[in-house]
Amino acid sequence: MAAPIRFYFDFASPYAYFSIQEVEAIGREIGRAVEWRPVLMWAILKAHGIFPPMDSPAKRTYLINDMKRSAAFMRVPYVHPVKLPLSSHLAARLYYSVEGARDRALAERLFRAFFLEQEDISREDVLIRIAGDLGMDESQAVEGMKGAAARARLERAVEEAIADGVVGSPFFSVDGEGFFGADRLSQLRWRLAREGQ
């Protein structure tokens, strides 16, 4: 069985949000599962000695305009967040505290909350409410955000991302080869189709 496509992303990355439908479509077309792996991009960039892209005022201005343009180009509904950048560590831990189909539903709900509804997904009360929408009670959500198990799973995901050479969000890794950015999805599809995989 062919290895899955690893989809590394930060919940605060608009480009990751723009990619979710397309990477899933590629997985279906090629017959590969897609592993969703939320990570903390700031930690990965720091490990690689890369400056955060929005630290530069000129690049920040460019990226904000590009985010809006990219959403329109990819036909993805988008409302620019009121807070960006944002630390997504609690959201990522919450993701790693759930299993099965519910984790994907939670991820998609978190993306919608941040990039359509202008919710602050760094806030515990917002995450508790979102988790409740998916059937989690408050104690489960708090344990997910603050407990040792999900914290360890997120730390392991960050370590694996660093080892995989992740340099931004989204990052797709397939058979040891990396593709960085929503604009590399067409190359990912081409690469997999070319090898009949």
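The values are calculated or read from the model by the stated rules, or taken from the named source; none is laboratory data. Since this is a predicted model, take the numbers as computed values, not measurements. We place every Cβ from the backbone using ideal geometry, glycine too, and count neighbours over all the protein chains shown.
Among the listed residues Ala131, Ala92, Ala150, Ala141, identify the single one that is touching a helix residue (DSSP H, G or I) at 6+ places or on another chain (Cβ under 7 Å) and closer than 18 Å to Trp42 by Cα.
Numbers: Ala131 fails: closer than 18 Å to Trp42 by Cα; Ala150 fails: closer than 18 Å to Trp42 by Cα; Ala141 fails: closer than 18 Å to Trp42 by Cα.
Every option except Ala92 fails the conditions.
Is there any pair with a first residue in segment 122-135 that is farther than 15 Å from Phe11 by Cα and a second that is of a type outside the set (Phe, Trp, Tyr) and loosely packed, with under 14 Cβ neighbours inside 10 Å whose Cβ atoms are under 6 Å apart and which are 6 or more apart or on different chains, and what are they? Final answer for the pair search is Ile128/Glu138.
Quick check on my filter: what residues within segment 155-182 are out of contact with any Asp or Glu (no Cβ under 9 Å at 6 or more places or on another chain), part of a helix (DSSP H, G or I) and either free of Cβ contacts under 8 Å to residues at least 40 places away in the same chain or within 20 Å of Ala107 (Cα to Cα) (or both)? Scanning segment 155-182 gives Glu155, Arg156, Ala157, Val158, Glu159, Glu160, Ala161, Ala163. Residues in segment 88-102 that are out of contact with any Gly (no Cβ under 9 Å at 6 or more places or on another chain) and either of a type in the set (Asp, Glu) or at pLDDT below 95 (or both): Glu99, Gly100, Ala101.
Suppose the filter is over 22 Å from Pro53 (Cα atoms), out of contact with any strand residue (DSSP E or B) (no Cβ under 9 Å at 6 or more places or on another chain) and crowded, with 18+ Cβ neighbours inside 10 Å; does Val126 pass it?
Details: over 22 Å from Pro53 (Cα atoms): yes; out of contact with any strand residue (DSSP E or B) (no Cβ under 9 Å at 6 or more places or on another chain): yes; crowded, with 18+ Cβ neighbours inside 10 Å: yes.
Yes, satisfied.
None of Tyr62, Tyr17 is within 19 Å of Ala161 (Cβ to Cβ) and part of a helix (DSSP H, G or I) except Tyr17. Taken together, Ala105, Ala193, Ala157 contain a single residue that is modelled with pLDDT of 95 or more and small (Gly, Ala, Ser), which is Ala157. Only one entry of Ser87, Ser139 meets the criterion of being in a helix (DSSP H, G or I) and of a type in the set (S, T, N, Q), and that entry is Ser139. Scanning segment 162-171 for any residue that is at pLDDT below 95, buried (at least 20 other Cβ atoms within 10 Å of the Cβ) and not aromatic (Phe, Trp, Tyr) turns up nothing. Once segment 13-32 is narrowed to residues that are more than 16 Å from the chain's Cα centre (by Cα) and buried (at least 17 other Cβ atoms within 10 Å of the Cβ), the residue that is nearest to Glu195 (Cα to Cα) is Ile30. Among residues of segment 33-44 being in contact (Cβ under 8 Å) with a residue 60 or more places away in the chain and part of a helix (DSSP H, G or I), the one that is nearest to the chain's Cα centre (by Cα) is Met41.
Within segment 53-109, no residue satisfies the criterion of being without any contact (Cβ under 8 Å) to a residue 40 or more places away in the chain, more than 28 Å from Ile128 (Cα to Cα) and either crowded, with 18+ Cβ neighbours inside 10 Å or touching a strand residue (DSSP E or B) at 6+ places or on another chain (Cβ under 6 Å) (or both).
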